[in-house]
Structure formats: C-alpha cells, structure tokens
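Working notes for the structure below.
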Amino acid sequence: MKKLKIYPLVIETIENHALETYPEECCGFLYGTEGDIREISHAGKATNIKSENKRKRFEIDPLEYLQAEKYAMANNLELLGIYHSHPDHPAVPSEHDLKQAAGYFSYIIVSVRKNKINNIRSWQLNDQQEFEEEEILDLIHVKVNS
C-alpha cells in the first residue's frame, strides 16, 4: 500500500469545502512533493461545472486544470491529485471515478453524511487500471477506513 502524508490545513480545506457544497459534490486539486512518501501540502478548490446531477458527479473545467498546473509550477510544487466528496455515500471510488481517473494522481474522497464528515480515504490506479487504497499518515481530523 502506498503512503500519503496530508498536512492538517489540507484536510481542513477539503472538509470545509465538502461541508460548504453538501449535498452536492465538491472537487479540487492536490499539490505537494513526491518522494518515498507522497506529501500533500496544499489544496485548491475547483468549481464543479457539472450541469446535472451534482449530487453524484463532478466535472472540472479543463481551463482550471491548466491553471492548476501553472499554480504548481509557480510555487515549486507538483499537481499530485484531485479531491472530491461523496455526499451520503462511502469514500470509495465509483465506476464514474474509475473512468475519469489518471494513473499518477491520488484521488482523495471525503464521505459526508447528514452534513457531517464521515471519513476520508485516498486511492490511486494500479498497473491493472484498478483503484488501490493509499495509506494516509497523520490524519487526525476524521476516522479513516471506517
């Protein structure tokens, strides 16, 4: 299992964004550095431009991806992934998430139930194009894998 360290401010940003948009899905970018352990030190909110069914899907404008790449370069960071919420559903990737995923990225999913954070999990595609869970280190705000 790959290891992922997420800074507390990043967790706070993701949790707050998920609660702000509930019962719709939120989405955003994850930035940091890659080494023996992937460290997520920054998060940036994105706009869910999905025109229909924002409770079950998210879509990020391609121009926001470009802006995210520029932000990473300007701040000596790497764009390492995407986060999004699953309102009233587990923090497990859906079939739609799998179809949209890219191999290198970490995908942090936050489960929000009844306007409260339930848990946060992170996933990455393996060589067989299946999601494998990443172990989140130092996650103190929420229950993990419950």
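With θ taken as phi - 60° and the coefficients 6.51, -1.76 and 1.60, list the Karplus ³J(HN,Hα) couplings across the stretch 55-66 in order, rounded to whole Hz; mark glycine and proline as x.
6, 10, 9, 9, 8, 10, 4, x, 5, 5, 4, 4
How charged is the neighbourhood of I108? Take every other residue with its Cβ under 10 Å from the Cβ of I108, and add Lys/Arg as +1 and Asp/Glu as -1.
Summing Lys and Arg as +1 and Asp and Glu as -1 gives 0.
What are the ³J(HN,Hα) values, in whole Hz, obtained from phi via the Karplus relation 6.51 cos²θ - 1.76 cosθ + 1.60 with θ = phi - 60°, for each residue of the stretch 96-102 in sequence order, with x given for Gly and Pro?
Those phi angles translate into 5, 4, 4, 5, 8, 6, 10 Hz.
Can you give the net charge of the other residues whose Cβ lies under 9 Å from the Cβ of H89, counting K and R as +1 and D and E as -1?
+1
Taking Cα extents along the principal axes in Å straight from the coordinates, which label in (i) 36, 34, 33; (ii) 43, 30, 30; (iii) 53, 38, 22 is the correct one?
(i)
Per residue of the stretch 110-115, what does 6.51 cos²θ - 1.76 cosθ + 1.60 with θ = phi - 60° give for ³J(HN,Hα)? Whole Hz please, x for Gly and Pro, Karplus curve as stated.
Result, ordered by residue: 10, 8, 10, 10, 6, 6 Hz.
Using only DSSP helix segments of four residues or longer, with each worth -39500 (n - 2.57), what per-residue ellipticity at 222 nm results for the chain after dividing by its residue count and rounding to 500?
Value at 222 nm, helices only: -7000 deg cm²/dmol.
If you build a Gaussian network model of the chain, linking Cα atoms that sit under 10 Å apart, which residue out of P62, P93, P23 swings the most?
P62
Please give the net charge around A46, taking every other residue with its beta carbon less than 10 angstrom from that of A46, where Lys and Arg add +1 and Asp and Glu add -1.
Overall, the nearby charge balance is -2.
No value in this document is a laboratory result; all are computed from the given coordinates. On a predicted model such as this, the values are computed, not experimentally measured, just so you know. FYI the Cβ positions are ideal-geometry reconstructions off the backbone, even for glycines, and counts take in every protein chain you see.
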